[in-house]
Amino acid sequence: MEEEVKRRGRPAKDARRSETREKFDRSRRVPMGGPDLKLEVHDKDEDYVYRWFNDKGSRIQKAKAASYEFVNDSGHVGSGAEDRNSDVGSGVSQIVGTKEDGSALRAHLMRIPRELYEEDQVAKQAPIDEMEDQLFSGGMQENPNLGRGDSYVPSEGRKRRVSVGK
């Protein structure tokens, strides 16, 4: 039977990392002096899209009408959310500023099913696509209600420029 050879000195870097990860839950730990993202949302349900809504005007009522719902578990939010959520029994919220009257401006965490969110995005993109098609085909001269019809458009139409990320 062979004996395990013990080496002197510090263990290999990979061995130390695995020991540390086993000892601490690294996914939730934020080191001191590290980034402190108070509005960051953790442990999201992939079937939903999350968004912060400021309680200004009728934004919350519009969000509810658009099928957004309040998130009630403060475990989803970055550091300090539990301390600042003073609305007992309601959804997760944080003070993010002041209103014109000097009272606290509160942001509420809400979510919408991903399927509904994607339908909304398609509906918002449709008029933009229509305007771009008119713009790049030279049809804006025929339908000036879509934009500035008096601008110069070459006879072959405009070409779309695709920007490449750096």
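The values are calculated or read from the model by the stated rules, or taken from the named source; none is laboratory data. The structure displayed is predicted, hence computed values, not measured ones. Every residue, glycine among them, receives a Cβ derived from its backbone with ideal geometry; neighbour counts consider all protein chains shown.
All told, Ser103 falls short of being in contact with a strand residue (DSSP E or B) (Cβ under 8 Å, 6 or more places away or on another chain), farther than 24 Å from Leu37 by Cβ, loosely packed, with under 15 Cβ neighbours inside 10 Å and modelled with pLDDT of 90 or more.
Yes or no, residue by residue, for (1) loosely packed, with under 11 Cβ neighbours inside 10 Å; (2) at pLDDT 95 or above; (3) not assigned by TED's automatic domain parsing to the domain that holds Ile60; (4) not hydrophobic (A, V, I, L, M, F, W, C):
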| residue | (1), (2), (3), (4) |
| --- | --- |
| Leu109 | no, no, no, no |
| Val122 | yes, no, yes, no |
| Ala126 | yes, no, yes, no |
| Ser137 | no, no, yes, yes |
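All conditions but one from (1) modelled with pLDDT of 90 or more; (2) outside any loop (DSSP other than H, G, I, E, B) apply to Gly75; the one that does not is (1).
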